[in-house]
Structure formats: C-alpha cells, structure tokens
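The values are calculated or read from the model by the stated rules, or taken from the named source; none is laboratory data. All values reported here derive from a predicted model rather than from experimental measurement. Every residue, glycine as well, gets a Cβ built from its backbone with ideal geometry; the counts of neighbours run over all protein chains shown. Please note that ligands, DNA and RNA were not included when accessible areas were found on the heavy atoms of the full protein model with its side chains. Shrake-Rupley method; radii C 1.70, N 1.55, O 1.52, S 1.80 Å.
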Amino acid sequence: MAKNDWADNRAVIIGLGRFGGSLATELMRQHTEVLALDTRPKVVDGYADRVTHAAVVDSTDGDALRQLGVHRFKRAVVAIGTDLEASILTTSLLADFGVPIIWAKAVSRQHASILERVGAHHVVLPEHDMGERVAHLVVGRMLDYIEFEDDYTMVKTSPPAEAVGRSLSESALRSKYDITVVSIKRPGEGFTYATADTVVRPDDLLIVAGRSAYTERFAELT
C-alpha cells in the first residue's frame, strides 16, 4: 500500500464517551487505523487493546497534539461531550492545523453553529438526530427513516395495496406520489435494485426515496 493511501486510511477520535468510543470501535472494524484520545486515563486504558493507538492528552494543548502527530491526519472527529470549551478549542486547533476533514459532535444548535464557525466541516447532533428519526417512526407507518440534506429522505416501508401484483411501471408510483422506489427486499433474500418491470408482492419491503413530505405520505398508504 502506498504511503498516501495508508495516510488516508487513518482517523483521530478525540473524546471517548459513548459516541466517540462506539465510533472508534466501528472504524477499527472497517479497517481504519484509529488514534483515540481522551483526558481520562482509565477510559484510555479501556481502549488500549481496541484501537491502533490510544493516549491521554489535553486536546486543547496544541503542542501535545502535534507531538502525537494529529496535525498529519486527514480525518479527525471531535467527540467531546459536555465540556463545550474543550470541544470548541479543540476544533479550532484542528482547523489551524489544516486538517482537511473535521467532524464534530454538538449538544445543541448553538454549539453546532459555533463549531462550524471555528472550522468544523461536518457537525452532528447525535441525540437530536436520533430523536427526530425515532419520532418519524413512532408516528408514521414506515419501518425505518433516514434524512439527508435538503429535505431528502429514504424510508423502508411495506407496499400499498394499489402496487401489489403490478409492476412499478404499471402502478406509476413515481408520477403519482413524487417518490422513487429504489430497492425491494423479499423474505429470505437480500435487497435488490428496483426496475420498471419489478412486480411488487404483498410481503415485499420497499426502500423509497424523495422529499420528506412525499415519502411520509407514501408510507401512510400502507
């Protein structure tokens, strides 16, 4: 593997709470080399055998981060939880280092706005985002719900009666409901791409994409 490829397959995770810890573990599972950092020695010890390298460090100390080579990483995630000052200062330092891809965890909209201002390229609000997703599942009839930018969503739902026994071209779901059936899963089988000739069965699961209002309306048909 070329040196540049190896460098691209690394990430530094700063903050090993529930979010940062699970993220570090999943990245390792995906064969990404992880440098995991936290201020708490006991927490760091718990990840010593689970990540590529774990270290105790004050992430607001730029010199300390440089000694660990953080400035050479292409990807960094600031997963610090309740210490907002440390979260903001750390994100600012990473931006000063010129880290190309900075993700940061926020605990509020205001916190997210500040993180973006100091240099975060991507900000996530895990609790807020999960709350929104679950709310859609609780009040709707969809089986899963994922929202992307610009009000674009994908939902997993059962087919409406009008689509069963007909091909997608015959039922004309796309033109009638402004949605696209992307994929279909049949019991005991994996998901397959949907085509105009795909005939929908009553026990199928559909992956449907489109604007939030349209996908939610479509899911209510089931």
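Brief remarks follow.
- Residue match in the range 35-42 (condition: out of contact with any Pro (no Cβ under 7 Å at 6 or more places or on another chain), within 18 Å of residue 8 (Cα to Cα) and either of a type in the set (Val, Ile, Thr) or at pLDDT 95 or above (or both)): yes
- All told, residue 55 falls short of being of a type in the set (A, V, I, L, M), under 13 Å from residue 93 (Cα atoms), free of Cβ contacts under 8 Å to residues at least 24 places away in the same chain and open to solvent by less than 90 Å² (accessible area, probe 1.4 Å).
- Residues in the range 180-207 that are open to solvent by less than 40 Å² (accessible area, probe 1.4 Å) and touching a Lys or Arg at 6+ places or on another chain (Cβ under 8 Å) were compared, and the one that is farthest from residue 154 (Cα to Cα) is 200.
- The set of residues in the range 66-79 being closer than 15 Å to residue 18 by Cα and touching a Lys or Arg at 6+ places or on another chain (Cβ under 7 Å) consists of 78, 79.
- The range 81-104: number of residues that are farther than 11 Å from residue 59 by Cα and among the hydroxyl-bearing types (Ser, Thr, Tyr): 1
- Looking across 134, 43, one residue alone is within 30 Å of residue 221 (Cβ to Cβ) and of a type in the set (A, V, I, L, M). It is 134.
- When the residues of the range 142-160 are filtered to those that are surrounded by fewer than 16 Cβ atoms within 10 Å (Cβ to Cβ) and in contact (Cβ under 8 Å) with a residue 12 or more places away in the chain, the one that is nearest to the chain's Cα centre (by Cα) is 146.
- Checked across the range 8-19, the condition of being open to solvent by 20 Å² or more (accessible area, probe 1.4 Å), touching a strand residue (DSSP E or B) at 6+ places or on another chain (Cβ under 7 Å) and either of a type in the set (Phe, Trp, Tyr) or under 18 Å from residue 125 (Cβ atoms) (or both) holds for at least one residue.
- Here residue 134 clears all of (1) open to solvent by 20 Å² or more (accessible area, probe 1.4 Å); (2) within 23 Å of the chain's Cα centre (by Cα); (3) closer than 14 Å to residue 13 by Cα except the condition numbered (3).
- A Cβ distance below 9 Å, combined with a sequence gap of six or more or placement on separate chains, defines the contacts here; from the range 176-193, residues that are acidic (Asp, Glu) reach residues that are surrounded by 15 or more Cβ atoms within 10 Å (Cβ to Cβ) and part of a strand (DSSP E or B) in the pairs 178/210.
Yes/no matrix, rows are residues, columns are (1) farther than 18 Å from residue 27 by Cα; (2) open to solvent by 20 Å² or more (accessible area, probe 1.4 Å):
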{"site": "59", "(1), (2)": "yes, no"}
{"site": "66", "(1), (2)": "yes, yes"}
{"site": "73", "(1), (2)": "no, no"}
{"site": "78", "(1), (2)": "no, no"}
{"site": "90", "(1), (2)": "yes, no"}
{"site": "93", "(1), (2)": "yes, yes"}
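- Positions within the range 34-63 being of a type in the set (D, E, K, R) and either within 25 Å of the chain's Cα centre (by Cα) or more than 19 Å from residue 84 (Cα to Cα) (or both), in sequence order: 38, 42, 45, 49, 50, 63
- Within the range 69-91, considering residues that are free of Cβ contacts under 8 Å to residues at least 40 places away in the same chain and closer than 20 Å to residue 52 by Cβ, the one farthest from the chain's Cα centre (by Cα): 69
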